[in-house]
Structure formats: structure tokens, C-alpha cells
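First up is the structure itself, then whatever we jot down about it.
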Amino acid sequence: MQSIGQAGMTTTSGAESDPILRARGEVMVHRAQAAEALYRKALETQPDNAEALNFVAMCELGRGEFDSAREHLEKAVHIDPEEANFRKNLGILQLALGHAQDAIDTFDQVIAMDPKELSAPLHRAAALEQLGSTYDATAAYYHAIATAQAAFSWRNRNTTPPVLQPVVRHAIDYIQRNQQQIFMELMQPVRAQYGAAALARVEQGLAIYLKHAAAQYPDPRQSCAFFYIPGLSAEPMLDAAHMPGMAALATAGDTWLAELDTAAAEQLGEPYFGTHDLALLREQGVLDGDTGARLTAWFLYRNGDREPAARQHLPRSLAAVESLPQRVQVENLGPNVYFATLAPGTHILPSCGITNARVNVEIPLQVDGRCVRSVAGHEETWRMGACVAYDGSFAHELWNHGPGPCTALVLDAWHPELSAAERAALPLLFEGISQFHMAAGVEPPFGN
């Protein structure tokens, strides 16, 4: 902007005479060449201006002038060591030079300085790729993309800065290509024993999980939050007689009740949903009913881990469950085994499970009145000693309509139509998926 001086002559304002301010203006309108010229001019009189050093260095990096870019970036970082962006750009330069481990160290410093900076983890993953660490690089890319998308970034072109779009696209392609290979290799021992054809359904399920294919549910009421295996019968209710070991387990109800009474006397039960606050549970959409509605659990196994108190207080129940021939045994997933007591007037609200590979089983031990399990509209009334088995991938809910509490032994088992090869492969695959998510610092995709 120009102004008229007292002598009537035109003079240049401070904003127009300051090359740094003018350079910032050129950056705003995406004129990098003009901005670089102004920043270089500024360095003639301000050789320690870290902003100018950083911008000039990145222009030099883009032209492949690595030596001068490194000199300028290292100087900028030395002048302003608390500026995470300068340090990040130094890591990008180290990556371009093929100094992958140096780049990783630099990006770790950036992440420690600014945990919310989204691109540093992405570039760090590229350094791991450069080192040839395929598993670690895949997990790191997965972490970077998941973190950014959780912050509503990098979901499409509009939410991805243009300079990052090729890197983000590469990261997604790298994840899709290598994640599948990682998971396929986990099942190789089973494939070698049973043959590739024996795992066709599991591999189809893996393609669906990785979103390489769409799930084609034969029944529209079915939905798997985690893993769907095509080809299993889409039946909401299953014949418990086809569940190995369940009939023998059901005949020992008096034994289970005796142990449960002892455990209950010592107040070892706990709210299944973590609280008995009915208002909160209604808000969460998991439980409803009368004022005293509640679901109490005495766990033997929880997400694959044996509960410490079970061996001491429920030893016979635990031994019987551990003798089942087809019980689910997957780290962080199963078995889940517990005694469940529903207070009168309790309604467990509808939900769908995570996989059709797992069947839910209830063995009623104490029924005071009428307790009803409903699965996709099919109702089964609890009868003492009579197993109820259902596919939890269908919407299911449970009511206690009786005047008193109802108690059952609840457990999970593999779907009876799974082959021996599939039952051997699924734990390897599910545990591998869980471990991959932990390596990526992302919550596993399954729970109860």
C-alpha cells in the first residue's frame, strides 16, 4: 500500500517493504517461486530467520538440491528447536536422502513435541517402509491413516492437503496390499496341513473384512460387526444337540448352582455392563426394564482370559467348561463364560454380535417364572437344563418376565458347521488381527 508523505511524495509502507511479509503473501496465493525469491532476499539481511531458512530449504529439496537444503534446515532447527514443523521437514529431507533411521528418530521427536501433528506419523511409516520393515510399516501407515480419519482428515480429497494426497494414497495402497499378505501368512500352517481349498470360506471372510469384497448376507436380518464367513447356515436358532459337549454340561446344573451359591454368598458377582445404573444403561441402549432391572455376572472366562477367582470359587464349573471339545479359544475374544442372573423385569435390549463363526449358548439353571430369548423374532423360553443356542450375528434380546431372578450358564462355541481346518485357522487369524491393531496403536475391531 502507498501513502502520501508530508512533502507530497509517495512512500512504501512497512508491510510492502518487509520481504518476509511479502513472501507470506505470495505463499498464500501459491506463488512459491516468488515467495522463495523474497525469502532469499530476507536472508541477506536476516541470515538467522528460521522461517526463511525453512521455506528456502523445502524449495531446494523439491529441486533435489539436498546439500543446501540440509544446511538450511539444520540451521533453522538449531535457531528454533521448539518449532516442530522445521524438525519435521528435516525428517522429510533425511528420508529423501535415504537416511531412514535418522528420519525415524527425527519424526519421533516431532511426535513427542506435537502429538496432534498428523503427517509426522505418516512420514515415519514411509521411513519404516524404506528400511524394508513391511509389518511395522504397514502397522504404522494404518495408525497414521486411522488417527487422521478419526480427526475427520484424509477421508477424501477435500479433507487431504494437496501436498499429502500422493503420500496418503500410497499409504492406503500399501496397507491394502500388505495387510492381506500378513494375514494370509498367519494361516499358512493350517493351509499346509489341510490344503488351500479347506480355507476358502475363511479367505472369503478375510476379503470382506479388508473391504476387498462386500458381505452378501443370505438373511437381511444378519449383520457381523467384525468378521463374516460366507456359507454358514443363516439360522437364528440352532439345535443345541449339535453342539458337542453341551448336553453333558446341561445335566450338571445342580453342581453349577451349588458353586454359584457359594460365589454369590461371597459377593463375587459384578454388573455385566459395568454398572447397575439403569438410567445410564438405558441411555447406552443395552438394558431396560423395571426399577430393579439388572444383569449380574460371575465370570469364569472373560475375552479369552480365565478369571482368577474362578479357579478358587468355581472349580468344577471351570473344569467342565474347559473340557468342551469346540470351545472358542482366541486371545482378546474368547471364550466368554459366565453365570448370568437377570433380576425380575429385566430386558436386555437388541444387539448384533461380531461374527457368525461364534455361537452363543445359554444353559438355564434357575427359572422363576418366564424368561424369553428372542433372536430375529424367534422366541425360545428358558427351561431348566435345556440349552438355548443361537447365532449372535442376528439381532437378539432377552426378557425376564417372571416374579423372581433367572440364572443361566452362558458361553460361546464355534459354529457347528465350521470344519476342523476352519476352527484351526480362525484363532490364528483373529489373534493376528488383534496383534496388528495393537502394533498400530488402534483398538482391536472386536469385543463381546
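The values are calculated or read from the model by the stated rules, or taken from the named source; none is laboratory data. All values derive from a computational prediction rather than experimental measurement. Here Cβ is always computed from backbone atoms with ideal geometry, including for glycine, and neighbour counts include all displayed protein chains. Keep in mind that these areas ignore ligands, DNA and RNA; they rest on the heavy atoms of the full protein, side chains included. Shrake-Rupley method; radii C 1.70, N 1.55, O 1.52, S 1.80 Å.
Only one of these is in contact (Cβ under 8 Å) with a residue 60 or more places away in the chain and crowded, with 17+ Cβ neighbours inside 10 Å: 139, 126. Name it.
139
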Quick check: anything in the range 417-427 crowded, with 19+ Cβ neighbours inside 10 Å and either closer than 20 Å to residue 260 by Cα or aromatic (Phe, Trp, Tyr) (or both)? no
Step by step: first the residues of the range 331-390, then only those that are of a type in the set (Phe, Trp, Tyr) and open to solvent by less than 20 Å² (accessible area, probe 1.4 Å), then the one that is farthest from residue 240 (Cα to Cα). Which residue is that? 339
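Take residue 22 and tell me if it is surrounded by 11 or more Cβ atoms within 10 Å (Cβ to Cβ), of a type in the set (Lys, Arg) and either over 27 Å from residue 114 (Cβ atoms) or at pLDDT below 95 (or both).
Taking the combined requirement at face value, the residue satisfies it.
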Subset of the range 313-342, residues of a type in the set (A, V, I, L, M, F, W, C) and under 22 Å from residue 272 (Cβ atoms), comes to 314, 318, 320, 321, 324, 328, 330, 333, 337, 339, 340, 342
Would it be correct to say that residue 402 is farther than 25 Å from residue 193 by Cβ, open to solvent by less than 20 Å² (accessible area, probe 1.4 Å) and not acidic (Asp, Glu)? yes
So, residue 232, is that one in contact (Cβ under 8 Å) with a residue 40 or more places away in the chain, open to solvent by less than 80 Å² (accessible area, probe 1.4 Å) and assigned to a loop (DSSP other than H, G, I, E, B) or not? yes
Look at residue 266 and say whether it is modelled with pLDDT of 80 or more, open to solvent by 60 Å² or more (accessible area, probe 1.4 Å) and either charged (D, E, K, R) or at positive phi (or both). no
Selected residue (criterion: farthest from residue 413 (Cα to Cα)) from residues of the range 314-330 that are free of Cβ contacts under 8 Å to residues at least 60 places away in the same chain and open to solvent by less than 50 Å² (accessible area, probe 1.4 Å): 314
Does the range 161-173 hold any residues that are of a type outside the set (A, V, I, L, M) and under 22 Å from the mean Cα position of the chain (by Cα), and which are they? 169, 170, 173
Which of the residues belonging to the range 143-189 are closer than 30 Å to residue 202 by Cβ, of a type in the set (Val, Ile, Thr) and open to solvent by less than 30 Å² (accessible area, probe 1.4 Å)? 145, 175, 182
Given (1) in contact (Cβ under 8 Å) with a residue 24 or more places away in the chain; (2) part of a helix (DSSP H, G or I); (3) touching a Lys or Arg at 6+ places or on another chain (Cβ under 9 Å); (4) not β-branched (Val, Ile, Thr), where does residue 263 come up short, assuming only one miss? (3)
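Let's see how each residue does on (1) within 23 Å of residue 415 (Cβ to Cβ); (2) out of contact with any helix residue (DSSP H, G or I) (no Cβ under 9 Å at 6 or more places or on another chain):
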site	(1), (2)
258	no, no
266	no, no
276	no, yes
289	no, no
297	no, yes
337	yes, no
351	yes, yes
If we scan the range 333-348, do we find a residue that is more than 22 Å from residue 404 (Cβ to Cβ), modelled with pLDDT under 90 and small (Gly, Ala, Ser)? yes
Across (1) in contact with a Gly (Cβ under 9 Å, 6 or more places away or on another chain); (2) within 29 Å of residue 313 (Cβ to Cβ), residue 390 clears everything bar (1)
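Could you list, in sequence order, all residues of the range 235-256 that are in a helix (DSSP H, G or I) and either out of contact with any helix residue (DSSP H, G or I) (no Cβ under 9 Å at 6 or more places or on another chain) or surrounded by fewer than 18 Cβ atoms within 10 Å (Cβ to Cβ) (or both)?
Of everything in the range 235-256, those that are in a helix (DSSP H, G or I) and either out of contact with any helix residue (DSSP H, G or I) (no Cβ under 9 Å at 6 or more places or on another chain) or surrounded by fewer than 18 Cβ atoms within 10 Å (Cβ to Cβ) (or both) turn out to be 241, 242, 247, 248, 253, 254, 255.
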Output the residue which, of all residues in the range 35-56 that are open to solvent by 60 Å² or more (accessible area, probe 1.4 Å) and acidic (Asp, Glu), is nearest to residue 22 (Cα to Cα). 44
